[in-house]
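Inspection log for the structure reproduced underneath, given as structure tokens.
A short reminder: the numbers here are calculations on the coordinates, not readings from a lab. Since the structure is predicted, the reported quantities are computational estimates derived from the model, not experimental observations. Cβ sites come from the backbone with ideal geometry, for glycine too, and all protein chains shown count toward neighbours.
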Amino acid sequence: MIDKRKYKIAVVGAGTMGTGIAQVAASAGHEVTLVDTNKEALEGAEENLKKILTRLSEKGKINIEDAHLIFERIDFKNDLNTNDYSIVIEAIVENLVIKKKLFSNLEAKLNNETIFATNTSSLSITAIASACQKPERVIGTHFFNPAPLLPLVEIVPGLTTNKEIIQKTKSLLDAWGKTTVIAKDTPGFIVNRVARPFYGEALRIYEEGIANVATIDWAMKELGGFKMGPFELMDLIGNDVNYEVTKTVFEQFYYDPRFKPSLAQKQLVEAKHFGRKSGKGFYDYSDNAENPMPNKDEKLGREILDRILAMLINEAADAVFMNIASVEDIDLAMTKGVNYPKGLCKWSDEIGVDKIVERLESLYKTYGEDRYRINPILRKMKKEGSKFYE
Ligand SMILES: NC(=O)c1ccc[n+]([C@@H]2O[C@H](COP(=O)([O-])OP(=O)(O)OC[C@H]3O[C@@H](n4cnc5c(N)ncnc54)[C@H](O)[C@@H]3O)[C@@H](O)[C@H]2O)c1
């Protein structure tokens, strides 16, 4: 059992993620110190949290007393104010050199028992941990944005992380009501790796001129049951952010063509058409803008859905094949982290692996590109007549 009063939490970096994580920890009953070296960022976080908690109480999601208590549990500081935190969760800028410097400084300030967690979305946990004298206490805890709303946290042990630290971190986050999955320390962990074809294959279909963005979005939502279409989602995430994640994953996988970024998206970024935040992306968000209309041709829609889904399942299969996580955790990550209507492994079982292999073989035959190579696990399952879930 975790004694919440004794279990003090520090969150370093009071930006989007740090503020959300501090809210989650304080809502779970912990005393939290939220640290930022930038005065404006800290003041902004304080103001934001006050607003969010007030709104939650006005909407009746929490009562007003609890809103006050949660807010009072968070101490806004420009430095840590004690050496006995149980865990420090780092959510500063995504830069390996800066993160390593922070971790090395933290080690000098904090006692040996403190767990060092990082919220990095793309850096190697092992590389960050290498800055510490005790790398065994460093672990990845990858929250999703917005942290208070999205339940998933990917727990990512580095090569040097101690097993007990994994268990302690998992128990803590489970006690916060989070859905935790364990992922291997590899580029993109689970979600940012397995989800790549949702964007990449949609972009490829669009670039080939098979369908416009509205048709692809319509097919994925109406026929596939996804909450948002790939282009709507890229516009929401920001094409600059989405393009950067794809580029990072591509580079970190030594330029594997499966992860190749799209020139169409690169151009949007160059034109500063970032999406919703800039008013224009794949769609135009200005008043009275003329946007493309979907071609609701069922046959075309099915072809689009089947192609993107086969590529997503191939990627999930690769994550299983390369021991990134268990079948269950991969499905949980995609449904809880990015709201997919079904786990991809479960979906593959339902469709039948022979059909998935057939679709991928047809793509490979058509294009002759390595991007469409079939994962060995799918071939093996087809041959054996087996499933992901037996
Ligand atoms: N934004 C997302 O959707 C998202 C999702 C998952 C993970 N992440 C990861 O979370 C981390 C934070 O992302 P963000 O979007 O919240 O960033 P952000 O830019 O909103 O906030 C970062 C904050 O860290 C502060 N900071 C920088 N260096 C510091 C230092 N040495 N000590 C204390 N504070 C410092 C900055 O002043 C800033 O307020 C990154 O590693 C990012 O990759 C982001």
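Data for the structure
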{"item": "Acute angle (nearest 10 degrees) that the helix 16-27 long axis makes with the longest principal axis of the chain, alpha-carbon atoms", "result": "60 degrees"}
{"item": "Amide H partners (placed H, <5 Å) of Val12, local residues excluded", "result": "Val35, Ile89, Glu90, Ala91"}
{"item": "Ranked packing of 167-177, 129-139, 313-323, most packed first, by mean Cβ within 10 Å", "result": "313-323, 129-139, 167-177"}
{"item": "Ranked Tyr255, Tyr283, criterion: other C-beta atoms within 10 Å, fewest first", "result": "Tyr255, Tyr283"}
{"item": "Label zone at Thr179, where the point sits 7 Å out along the Cα-to-Cβ direction: region 210-227 residues whose backbone N lies under 17 Å", "result": "225-227"}
{"item": "Estimated FRET transfer efficiency (Glu58, Thr16; beta-carbon r; R0 22 Å; 0.05)", "result": "0.50"}
{"item": "Computed over region 94-219: relative contact order in percent, which uses C-alpha pairs under 8 Å that are six or more apart", "result": "19 percent"}
{"item": "Glu290 versus Lys6: modelled label distance in nm, points set 7 Å from Cα along the beta carbon direction", "result": "6.9 nm"}
{"item": "The chain, helix-only ellipticity at 222 nm - DSSP H runs n ≥ 4, -39,500 (n - 2.57), divided by all residues, nearest 500", "result": "-15000 deg cm²/dmol"}
{"item": "Modelled FRET efficiency - R0 56 Å, Asp297 with Thr82, Cβ distances, 0.05 increments", "result": "0.35"}
{"item": "Length added when fully stretched, Lys272-Asn162, from 0.36 nm per residue minus Cα-Cα", "result": "35.2 nm"}
{"item": "Value of Rg/Rh across region 9-182 [Cα atoms, Kirkwood radius]", "result": "0.95"}
{"item": "Estimated D of the chain in µm² per second, where Rh is the Kirkwood radius over Cα pairs and Stokes-Einstein applies at 4 °C, 1.567 mPa s", "result": "58 µm²/s"}
{"item": "Segment Phe71-Ile351, extension gain: residue separation times 0.36 nm, minus the distance between their alpha carbons", "result": "96.0 nm"}
{"item": "Virtual paramagnetic centre 7 Å along Cα→Cβ of Asn48, amide N under 17 Å, in region 234-275", "result": "237-238, 241"}
{"item": "Cα long-axis angle, helix 353-367 against the chain (0 to 90 degrees, to the nearest 10)", "result": "70 degrees"}
{"item": "Most to least packed among 374-387, 192-205 [average Cβ atoms within 10 Å]", "result": "192-205, 374-387"}
{"item": "Order by protection proxy (mean Cβ within 10 Å, highest first), peptides 12-22, 140-150, 233-243, 62-72", "result": "12-22, 233-243, 140-150, 62-72"}
{"item": "Mean-position separation - Cα centroids, region 85-114 and region 335-367, in angstrom", "result": "40 Å"}
{"item": "Ranking of Phe76, Phe189 by count of other Cβ atoms within 10 Å, fewest first", "result": "Phe76, Phe189"}
{"item": "Distance between region 157-179 and region 211-289 - C-alpha centres, whole angstrom", "result": "33 Å"}
